[in-house]
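Worksheet: one structure, shown below.
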Amino acid sequence: MKFEEILKTLKSAEKVDKIDIVKGGEVIHTVHNREGSAGSLKVIANLVDFDNGNIDRALAMKGLEQFGEHVANAAARPGQHPNVEMLQSIGEGEYVKAVVHYKVPSELRERVEKFTALKKEGKLSSERDAALRTFNEVMDLLEAGYLRTAQIIDGRWQANQWVKNGIMLGFPLGNIVVYGGSNDIAFTDKETFPVRKLTGREGFRVVPPAAGLRRGAYAGAGCVFMPPGYANVGAHVGAGTMVENLAGSCSQIGRDSHISAGAIIGGVLDPVEATPVILGDHVLMGEGSGVTQGARLGDLVTLAPGVHISKATPILDPLNNVAYTSAGTAELITHEIGGGIKTYSTGRILAEKDGSYGPEIPAGALVIPSMSVSSRGTLKLTPMIAKYITSASERAYALEEALRG
C-alpha cells in the first residue's frame, strides 16, 4: 500500500501537537503536527498508542512498514526523510522514548493563572462560575490523557505547575457533600472531586470493591484496578498496568507495570513546583513496597516485597560501587564486618542532581532489602540493587497477558 493509503487506516492524530524523541535524557528528534510531517506524526503516535512510550527495534520495523514507499525514497535521498531515518537508527537491543505532547489552548493556562491569583487574594468567589468551568476543563483534559501534572519536557521530567494550580482550584470551589451515604456508613468529600463515573467504554477495568479513580485521574487501555485499587487526582496510569493499592495524586506510572497488594505510590500535589513519584514502563512493585516523595523508578525496575524508597533513602549499588540519593550519585563505601559479611555507607557525591525530588533508580535494577551504616555508626535497613535485568521475562514472576484484557 502507498503511504497515503496506509494513513487512512490509522487513528487520527489531530489533537497531538508534537512528539519528542528522547534518548539518554536528551531530545534527539522532534516530529511536529504540521504540513510536511503530519503524516509521520500520525504513524509514530499510533505506534505508541498516543501516550509516552518506548520504541524498540521491533516497533520501529512496524513503523517503517507503515511509511511505505518513503523507506525506499529515504535510501535514495539521504537526509530528505528524517522521520524514516530516525526509526532506522534504532538498533537491536536499543530503544528511544516517544513523548507525546497534545494541543492545549493557551488561554486555558491564562485563565488558570488568573483564578489562582484570585484564590490567593481570597476573591475567587466573585467569579465562581467561570472558575468552576475552567477547573472542569482542566479535569476533563487530565482524564482524557491530553494534559498531565508532570511531563518530559526538553528530555527531563518537570512538574506542570499551572496544571496542578488548576486542580487546586477545586478545593475552594467545592462544597463538602455526602457520597454513598446510608444510616450506618457515609463518605464525605468535596463535590468537585468525586470518584469517576464509568461507562464500560473506557477500556480499563475496576474490579469490585476497588475504590476506582478520583476525578482528574487517567488510566490507559487494559489497566486493571484490583481491590482496594485507587488512583488519586492527577495520577496518570499507563496502558496495561495493574494497580492493587494506591496510585497517589499526580503520580506518573508507565505502561505494563504492576503495583502489587499493599504497595503504595505517594502523592505530591502540593507544593505545585514539586515533581511527583514517577515510574517507568514494566515496573514491578512487590507486596508492601512503597515509593514516595518524588522518587523515580526507571523502566524495568523491580522492588522486592517490603522495599520502601523516599527522598531520604539511599539505594546501594555494589555492582557499580555507587549509591543513588536525592542529592545525586554518591560513592559507596564497603565495611567488612567479618566472616565474609559486608555492609555499606555512602560517601561524597560523584554526580549531582536536582535535590528537590527523591533518588532516581536506573533502568532494570532489581532492588532488595539490605543494611547500611548510619552516620551514628548503627545499622539501618537500606534498599540494595542485587542485579540488573534487560527484560521482564528475567523476573521470576510476571502477569499473564490475558489478565490485562
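Coordinate-derived values only; no laboratory data. Treat the numbers as computed from the prediction; the structure is a model and nothing was measured. All Cβ positions, glycine included, derive from the backbone under ideal geometry; neighbour counts span all protein chains shown.
Details
- The value of relative contact order for the chain, using C-alpha pairs under 8 Å at least six residues apart, is 8 percent.
- When mean projected area of the Cα convex hull in nm² is computed from the coordinates, the matching label among (i) 24.4; (ii) 20.4; (iii) 22.4 is (i).
- Were the residues from residue 335 through residue 193 laid out at 0.36 nm apart, the gain over their Cα-Cα distance would be 46.0 nm.
- Residue pairs, from the table 42/164; 18/353; 11/97, whose Cα atoms sit over 32 Å apart: none
- Spin-label pair residue 395/residue 184, simplified geometry with 7 Å Cα→Cβ offset, distance in nm: 3.8 nm
- Gaussian network model of the chain, springs between alpha carbon atoms under 10 Å - residue of 25, 280, 180 with greatest fluctuation: 180
- Here, the range 195-404 is characterised by an Rg to Rh ratio of 1.01, where Rg is the alpha-carbon radius of gyration and Rh the Kirkwood radius.
- Top positive-direction residue, dipole computed over the chain with Cβ charges, set 73, 217, 319: 217
- In this structure, the amide hydrogen of residue 279, modeled 1.01 Å from its nitrogen in the peptide plane, lies closer than 5 angstrom to those of 252, 253, 254, 297, counting only residues at least 5 positions away or on a different chain.
- Cβ-based exposure ranking for 264, 176, in which fewest neighbours within 10 Å come first: 176, 264
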